[in-house]
Amino acid sequence: MASTIPDPRPGAQGAHPAPPGAERPGRVEVHGIDHIPDAERHGRPRELFSVWAAANVNYLSLVIGGALVLMGLSLWQALAVIVVGNLFWLLTGVLAMSGPAAGAPSEVITRTMYGVRGNRVNNAVTGWMISVCYFALNLAAAASAAFALVAKTGLPTNTAVKVAVVLAIAGITLTISVYGHALIVKLYLPITLALAAAFGVVAYAVLLHADFAYAPEARLSGVDLWATLLAGVTLIAAGPLSYTTSADFSRYLPRTASSRAVAGWTALGGFLPSVAVCSLGALAATAVDMTDPQTALEGILPGWFTPVFLLALVLGTVAINALTAYSAGLALQAVGIRIRRSLSVIVDGAVASGLTLYALLVSNFLDTVSNVLQLTVVLLGPATALYATDIALRRNRYDGLALMDESPASPFWYTGGVSLPGALALAAGVTSAALCVNTLYTGPIAAALGGVDLALPVGIVVTSGCYVLLKTGRGRGHATGQ
């Protein structure tokens, strides 16, 4: 039995049921984590480009790009780190391939690697908790821009106004998430174009002031340089790795959709804008103090453009958070809570808004961003690697209807509802990554290496290697069953 309550279909109580393919931008999406029938599959892989592009032209990317220079890297070192870190969007693209194959969201497909019960734990942590934290983090960034915009109108930015602003941004975001997939696909192309135009003006202003020969006075070298480079790659990679749910936005595509096209358009939609906006942040850091990016950039932008810039920051965050809230709502269903997707999205938004109001009391937002993003890679790197490895082992063949079965008779019940190969491989990967991390704490291996953080590559390699050995060693089939 699927642990979801579908939203009522339009006309469900009348004499005329909704026809196949009834998904419309102006209607609340009726599907939750249930299987999407072939008759309701539609669209083309290229639609995924704008979905991911709109979500990655945002304030947080500017902050992260500037942070790389503040960490002590030269401009060209920072730009190289930005490119390398964003190559992890290829993994996001690979995970998206499983959506059309299964006709199910990532939160359900991962039952193949964790088991029915094990997957509930996976969704509670990797799916729901981390998504809500990212929602709160992005919402805090958008709120800062919105506060500045409100101040320009002459209104006081007291506590009551700040609460109202946060709730207003959250309300717009959650409205998009509640209406769901069709509205996201419809809105995100114009949002992408609008954000591209706004950030084009920002790029022009930044390029006029950037120092292309910039290098810090105290240049990093040796172990310190390698430690900073790897920390920077981890910081950038945290973005694409946070989207272990990319199949959520490809599952409505026909099962005949090209897997390469699905992976390519998803990866490209994330890679190009992320590289561009992060690079703008790094370039800006050579000319202004990016410890306060919003104020610093206002100093080099045309006066008339400042309100437009602030609105663009808010719009970009709404775009990324609508995707995050959408997936968090599915994750809450996949945990086993019988709740409609539309209501689960609202619950997630309420929790995230509460966290945001608390987070706005944090004095050093930049340090908070860096620490949170780097630490989540300890879990997200191995989780992404496990998912991608399962796709490779099964050759992206998933039985979407079988995935809906949560009973002990399910082919994905495994041992007491848990897949031991998946659980053990993930545990090994997370443990290995934790020993190598150097962020909020320093693991013993990182300490022995002089602070070099190898959590990301080690977690990925160990997880994938263990999963392949455990699955192939057990002689199990990989097509649709175990």
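Leu253: without any contact (Cβ under 8 Å) to a residue 12 or more places away in the chain and either open to solvent by less than 30 Å² (accessible area, probe 1.4 Å) or part of a helix (DSSP H, G or I) (or both), yes or no?
Details: without any contact (Cβ under 8 Å) to a residue 12 or more places away in the chain: no; either open to solvent by less than 30 Å² (accessible area, probe 1.4 Å) or part of a helix (DSSP H, G or I) (or both): yes.
Spelling it out, it is not the case that Leu253 is without any contact (Cβ under 8 Å) to a residue 12 or more places away in the chain and either open to solvent by less than 30 Å² (accessible area, probe 1.4 Å) or part of a helix (DSSP H, G or I) (or both).
Any idea how many residues of region 331-349 are more than 25 Å from Asp405 (Cβ to Cβ) and free of Cβ contacts under 8 Å to residues at least 60 places away in the same chain?
Adding up the residues that qualify gives 1.
Name the single residue that is modelled with the lowest pLDDT among those in region 455-482 being among the aliphatic types (A, V, I, L, M) and open to solvent by less than 50 Å² (accessible area, probe 1.4 Å).
Of region 455-482, the ones among the aliphatic types (A, V, I, L, M) are 455-456, 458, 460-462, 468-470, 479.
Add one more test, that the residue is open to solvent by less than 50 Å² (accessible area, probe 1.4 Å), and what stays is 455-456, 458, 460, 462, 479.
Working: Ala455: 93, Leu456: 93, Val458: 96, Ile460: 96, Val462: 98, Ala479: 40.
The qualifying residue modelled with the lowest pLDDT is Ala479.
Given Val206, Val233, Val223, which one is farther than 13 Å from Val57 by Cβ, over 25 Å from the mean Cα position of the chain (by Cα) and surrounded by 20 or more Cβ atoms within 10 Å (Cβ to Cβ)? Can you show your working first?
Working: Val233 fails: over 25 Å from the mean Cα position of the chain (by Cα); Val223 fails: surrounded by 20 or more Cβ atoms within 10 Å (Cβ to Cβ).
Residue meeting the stated conditions: Val206.
Checking the structure you have, find out if any residue of region 119-134 is in a loop (DSSP other than H, G, I, E, B) and within 30 Å of Asp34 (Cβ to Cβ). Steps first, answer last, please.
At the first step, the residues of region 119-134 found to be in a loop (DSSP other than H, G, I, E, B) are none.
Scanning region 119-134 turns up no residue that is in a loop (DSSP other than H, G, I, E, B) and within 30 Å of Asp34 (Cβ to Cβ).
Using beta carbons and a limit of 6 Å, which pairs, at least six apart or on different chains, have the first residue in region 455-468 and under 10 Å from Gly381 (Cβ atoms) and the second one not in a helix (DSSP H, G or I)?
Ala455/Val437
Scan Ala261, Ala197, Ala247 and give me the residue that is farther than 25 Å from Val81 by Cα, of a type in the set (Gly, Ala, Ser) and touching a Lys or Arg at 6+ places or on another chain (Cβ under 9 Å). Write out each step before concluding.
Values: Ala197 fails: touching a Lys or Arg at 6+ places or on another chain (Cβ under 9 Å); Ala247 fails: touching a Lys or Arg at 6+ places or on another chain (Cβ under 9 Å).
Just a single option satisfies the conditions, and that option is Ala261.
Within region 382-401, track down each residue that is open to solvent by less than 40 Å² (accessible area, probe 1.4 Å) and either assigned to a loop (DSSP other than H, G, I, E, B) or modelled with pLDDT under 95 (or both).
Scanning region 382-401 gives Arg394, Asn396, Tyr398, Gly400.
Looking at region 76-90, which of the residues that are crowded, with 19+ Cβ neighbours inside 10 Å and within 11 Å of Phe271 (Cβ to Cβ) is nearest to the chain's Cα centre (by Cα)?
Trp89
Restricting to region 188-211, count the residues that are in a helix (DSSP H, G or I) and either more than 17 Å from Pro273 (Cα to Cα) or β-branched (Val, Ile, Thr) (or both). Can you show your working first?
Within region 188-211, the first condition is being in a helix (DSSP H, G or I), and the residues that meet it are 188-209.
Still in the running and either more than 17 Å from Pro273 (Cα to Cα) or β-branched (Val, Ile, Thr) (or both): 191-192, 201-202, 205-206, 208-209.
Final tally of qualifying residues: 8.
Mind listing whichever residues of region 166-180 are β-branched (Val, Ile, Thr) and surrounded by fewer than 21 Cβ atoms within 10 Å (Cβ to Cβ)?
First, the residues of region 166-180 that are β-branched (Val, Ile, Thr): 166, 169, 172-173, 175-176, 178.
Result: Ile172, Thr175.
Which residue pairs have Cβ atoms under 9 Å apart, sit 6 or more places apart or on different chains, and have a first residue in region 212-240 that is over 30 Å from Leu323 (Cβ atoms) and touching a residue at least 40 places away in the same chain (Cβ under 8 Å) and a second that is open to solvent by less than 50 Å² (accessible area, probe 1.4 Å) and of a type in the set (D, E, K, R)?
Between residues of region 212-240 that are over 30 Å from Leu323 (Cβ atoms) and touching a residue at least 40 places away in the same chain (Cβ under 8 Å) and residues that are open to solvent by less than 50 Å² (accessible area, probe 1.4 Å) and of a type in the set (D, E, K, R), the close pairs are Ala227/Asp453.
Report, by residue number, each residue of region 181-197 that is among the aliphatic types (A, V, I, L, M) and either surrounded by 19 or more Cβ atoms within 10 Å (Cβ to Cβ) or touching a Ser or Thr at 6+ places or on another chain (Cβ under 9 Å) (or both).
So the first thing to find is which residues in region 181-197 are among the aliphatic types (A, V, I, L, M), and the list is 182-185, 187, 189, 191, 193-197.
Scanning region 181-197 gives Ala182, Leu183, Ile184, Val185, Leu187, Leu189, Ile191, Leu193, Leu195.
(1) assigned to a helix (DSSP H, G or I); (2) touching a Leu at 6+ places or on another chain (Cβ under 6 Å): which one isn't true of Tyr214, the others all being true?
Here Tyr214 clears every test but (1).
For region 31-40, how many residues meet the condition of being touching a helix residue (DSSP H, G or I) at 6+ places or on another chain (Cβ under 8 Å) and open to solvent by 20 Å² or more (accessible area, probe 1.4 Å)?
Qualifying residue count, region 31-40: 1.
Name the single residue, out of those in region 112-158 being more than 22 Å from Asp348 (Cα to Cα) and open to solvent by less than 10 Å² (accessible area, probe 1.4 Å), that is modelled with the lowest pLDDT. Even if it seems obvious, please write down each step before you answer.
Step one: of region 112-158, the residues more than 22 Å from Asp348 (Cα to Cα) are 112-116, 145, 147-158.
Those left that are additionally open to solvent by less than 10 Å² (accessible area, probe 1.4 Å): 112-113, 115-116, 145.
Details: Thr112: 97, Met113: 96, Gly115: 97, Val116: 96, Ala145: 85.
My answer is Ala145.
The values are calculated or read from the model by the stated rules, or taken from the named source; none is laboratory data. Values in this document were obtained by computation on a predicted structure and should not be read as measured data. A quick note on method: Cβ atoms are made from the backbone with ideal geometry, for glycine too, and the neighbour counts reach across all protein chains shown. The protein model used for the area step is the full one, side chains on, heavy atoms only, and it has no ligands, DNA or RNA in it. Shrake-Rupley method; radii C 1.70, N 1.55, O 1.52, S 1.80 Å.
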